[in-house]
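Chemist: Have a look at this one.
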Amino acid sequence: MTRMIQLALATTRPRRAVPGQGLFDPSITRLRVRLGDLDFYRHVNNGVYLQMMDVARSNFLADLGAFPLLNGRGWYPVVASSTVSYRRSLTLGQRFEISTRLLGWDPRCAYLEQTFTRRGEHVARGVIAGRFLARDGSRVPAPDVIDLLGTHDGPSPELPPEVQAWAEAVGVAHREPA
């Protein structure tokens, strides 16, 4: 529940934009493991990682100064698909960082990588396919969001092959009409 409150605050009262933050610059979110994050085995529950990633993605948008622009259009982010690989456990009281960075986009989705580290050690990695919706429920093409942010001219960089393969496997990658 605490992470849901943290997400609500990160979204409704976002941190200040980082001057000069570029679209491909990593956004860093620093957190600490709380009692409510733990499962029966006394390490962070896998579902809590996803909540923490939500907070970090909101901070990524805040760092870009995106919230006023998105709110002005009535657009908001949603997750189309996600996958997380875990390498090490996080336990009560530990401090850690989530680095969020944009990998690229296609006409449907923006693809992000979110990496958890503790004292320089790799803990977990998530890959997210994010979409944007309008208040009326219509889908907003990812390139329209990129254009709105105004921090990049030109096409998306090529996605890493494993991310492209994942996007195709889970059915979120753009498909040309038949």
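The values are calculated or read from the model by the stated rules, or taken from the named source; none is laboratory data. This is a predicted model, so every value here is computed, not measured. Glycine also receives a Cβ, built like all others from the backbone with ideal geometry; neighbour counts cover every protein chain displayed. Accessible surface is based on the protein model in full, side chains and every heavy atom, while ligands, DNA and RNA are left aside. Shrake-Rupley method; radii C 1.70, N 1.55, O 1.52, S 1.80 Å.
Chemist: Between Arg57, Arg15, Arg87, find the one with the highest GNM mean-square fluctuation for the chain; connect C-alpha pairs within less than 10 Å.
Modeler: It is Arg87.
Chemist: Let's see if you can work this out: charge +1 on each Lys and Arg Cβ, -1 on each Asp and Glu Cβ, no other charges. What is the dipole magnitude of the range 90-135 about its Cα centre, in debye to the nearest 20? It would help to have the intermediate numbers written out before the result.
Modeler: Numbers: 8 positive and 4 negative charges, 30 e Å.
Value, rounded to 20: 140 debye.
Chemist: When the accessible area of the chain is split by element with a 1.4 Å probe, what percent falls to carbon and sulfur?
Modeler: Values: 5160 of 9830 Å².
Percent of accessible area from carbon and sulfur atoms in the chain: 53.
Chemist: Could I ask something else about it? Rounding to the nearest 20 debye, state how big the charge dipole of the range 1-64 is about its Cα centre with +1 on each Lys and Arg Cβ and -1 on each Asp and Glu Cβ. Spell out each step's value before the answer.
Modeler: On the way: 9 positive and 5 negative charges, 48 e Å.
Charge dipole, the range 1-64, about its Cα centre: 240 debye, nearest 20.
Chemist: Rounded to the nearest 500, what is the chain's calculated 222 nm mean residue ellipticity when only DSSP H runs of at least 4 contribute -39500 (n - 2.57) each, over all residues? Please list the in-between numbers first.
Modeler: Numbers: 5 runs with 55 residues, N = 178.
Computed ellipticity for the chain at 222 nm equals -9500 deg cm²/dmol.
Chemist: Only Cα pairs within less than 10 Å get springs; with that Gaussian network setup on the chain, which residue of Ser27, Ser138, Ser89 has the largest fluctuation?
Modeler: Ser138
Chemist: Which of Gly104, Gly47, Gly22 moves the most in a Gaussian network model of the chain with Cα springs under 10 Å?
Modeler: Among Gly104, Gly47, Gly22, the largest GNM mean-square fluctuation belongs to Gly47.
Chemist: Report the one residue of Ala66, Ala142, Ala129 whose Cα lies farthest in the direction of the positive end of the charge dipole of the range 49-155 (charges on C-beta: Lys and Arg +1, Asp and Glu -1; origin at the Cα centre).
Modeler: Ala129
Chemist: While we're here: Which whole-Hz ³J(HN,Hα) couplings does the range 2-19 yield from phi under the Karplus relation 6.51 cos²θ - 1.76 cosθ + 1.60, θ = phi - 60°, glycine and proline marked x?
Modeler: With coefficients 6.51, -1.76 and 1.60, one gets 4, 5, 5, 5, 4, 5, 4, 5, 5, 8, 8, 10, x, 5, 5, 4, 8, x Hz.
Chemist: Report the percentage of all Cα-Cα pairs in the range 1-76 whose separation exceeds 13 Å, rounded to a whole percent. Let's see the in-between values first.
Modeler: Values: 1935 of 2850 pairs.
Of all Cα-Cα pairs in the range 1-76, 68 percent lie more than 13 Å apart.
Chemist: While we're looking at this one, here's another question. What value in Å³ per residue do you get for the convex hull of the alpha-carbon atoms in the range 38-168? Show your work: numbers first, answer last.
Modeler: Numbers: hull volume 16.7 nm³, N = 131.
Per-residue hull volume (Cα only) is 127 Å³.
Chemist: Let me ask something else. With the contact rule set at Cα under 8 Å and sequence spacing of 6 or more, what percent relative contact order holds for the chain?
Modeler: Details: 311 pairs, mean separation 40.5, N = 178.
With pairs under 8 Å counted, the relative contact order is 23 percent.
Chemist: Which net charge results for the neighbourhood of Ala169, defined as the other residues with beta-carbon distances under 14 angstrom from its beta-carbon, given Lys and Arg at +1 and Asp and Glu at -1? Intermediate results must be reported in sequence, preceding the final value.
Modeler: Numbers: positive: Arg175; negative: Glu162, Glu168.
The answer is -1.
Chemist: Relative contact order (percent) for the range 101-178, with alpha-carbon contacts under 8 angstrom and 6 or more residues of separation?
Modeler: Details: 102 pairs, mean separation 24.6, N = 78.
RCO, the range 101-178: 31 percent.
Chemist: Using a 1.4 Å probe, what is the accessible area per residue for the range 93-178, in Å²? Before the final figure, lay out the partial values.
Modeler: Working: 4390 Å² over 86 residues.
With all protein chains present, the range 93-178 gives 51 Å² per residue.
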